[in-house]
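Colleague: I have a structure I would like to understand better, so I am pasting it below and will then ask my questions one at a time.
The values are calculated or read from the model by the stated rules, or taken from the named source; none is laboratory data. In this text the structure is predicted, and so the values were computed from the model without any measurement. Neighbour counts are summed over all protein chains in view; Cβ atoms, including those assigned to glycine, are modelled from backbone coordinates with ideal geometry.
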Amino acid sequence: MENAIIDIPVELLNPAETAHYEGEVNLPVMKFGPDLYTFEQALTWDVEVTNTGEALLVEGTCDVVGTTACARCGEAAEVPLFGEIEGYFLLDAEGASEEDLEDDEFDVLPDDRKLDLLPLIQSAITLDIPVIPLCDDDCKGLCTQCGANLNEGPCDCAQEDDGINPNNPFAALKDFKIEEWQ
């Protein structure tokens with residue numbers, strides 16, 4: 001399956017019935033906060049759809065590798081993303097009160113019985129996006145003076161024996177003594 005739309009067969013409208021679905025979907029470039037993620041390979045997804053009597057419960061997983069800029073050095077960072085898919089689709093919207101339908105916890109099964117899982121997949125992936133994407137946990141970042149990538153080795157900026165660059169505006173604070181408050 002090349003998309004994330006599944007057809008719900010009539011048999012699944014009977015209570016306690018379950019069906020398994022899986023597939024792949026190509027994700028567009030996605031923006032999460034200040035970061036843009038691209039996806040070279042398709043996202044794979046796998047769900048179980050269970051009729052609970054009043055609704056269809058959709059549960060499963062999805063995973064993909066996204067590429068974005070490292071927050072420290074700006075180089076490409078590959079970020080494996082794994083999401084837990086969960087959705088709840090009411091079988092009969094007439095039985096629910098208007099107050100219940102205002103909640104975002106569930107939707108109503110469309111008349112054509114086609115479920116678009118893409119919003120559930122995108123929500124699941126979003127929850128696994130790191131706040132600070134890194135190319136490596138030990139990324140050294142960029143030199144604050146010359147902008148050299150410190151992962152490639154030390155830069156040519158002048159440094160004193162204590163490792164502090166004398167051109168750094170905070171270098172003047174290196175000998176500052178802080179008295180303890182009592």
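Colleague: Looking at this structure, is residue 50 out of contact with any His (no Cβ under 9 Å at 6 or more places or on another chain), of a type in the set (S, T, N, Q) and crowded, with 20+ Cβ neighbours inside 10 Å?
Modeller: For residue 50, the condition - out of contact with any His (no Cβ under 9 Å at 6 or more places or on another chain), of a type in the set (S, T, N, Q) and crowded, with 20+ Cβ neighbours inside 10 Å - is not met.
Colleague: When you check residue 78 against the structure, is it farther than 17 Å from residue 116 by Cβ, part of a strand (DSSP E or B), touching a helix residue (DSSP H, G or I) at 6+ places or on another chain (Cβ under 7 Å) and in contact (Cβ under 8 Å) with a residue 12 or more places away in the chain, yes or no?
Modeller: no
Colleague: Still on this structure, please answer the following. With respect to residue 155, determine if the residue is under 30 Å from residue 175 (Cβ atoms) and modelled with pLDDT under 85.
Modeller: Yes: the conditions hold for residue 155.
Colleague: Filter region 4-58 down to the residues that are over 14 Å from residue 125 (Cβ atoms) and of a type in the set (S, T, N, Q), then identify the one that is nearest to the chain's Cα centre (by Cα).
Modeller: 50
Colleague: Taking residue 39 as meeting all but one of (1) surrounded by fewer than 16 Cβ atoms within 10 Å (Cβ to Cβ); (2) within 30 Å of residue 138 (Cβ to Cβ), write down the number of the exception.
Modeller: The number of the failed condition is (1).
Colleague: Something else now. If you check residue 64 against the conditions, is it more than 21 Å from residue 18 (Cβ to Cβ), at pLDDT 90 or above and surrounded by 16 or more Cβ atoms within 10 Å (Cβ to Cβ)?
Modeller: So residue 64 passes the test.
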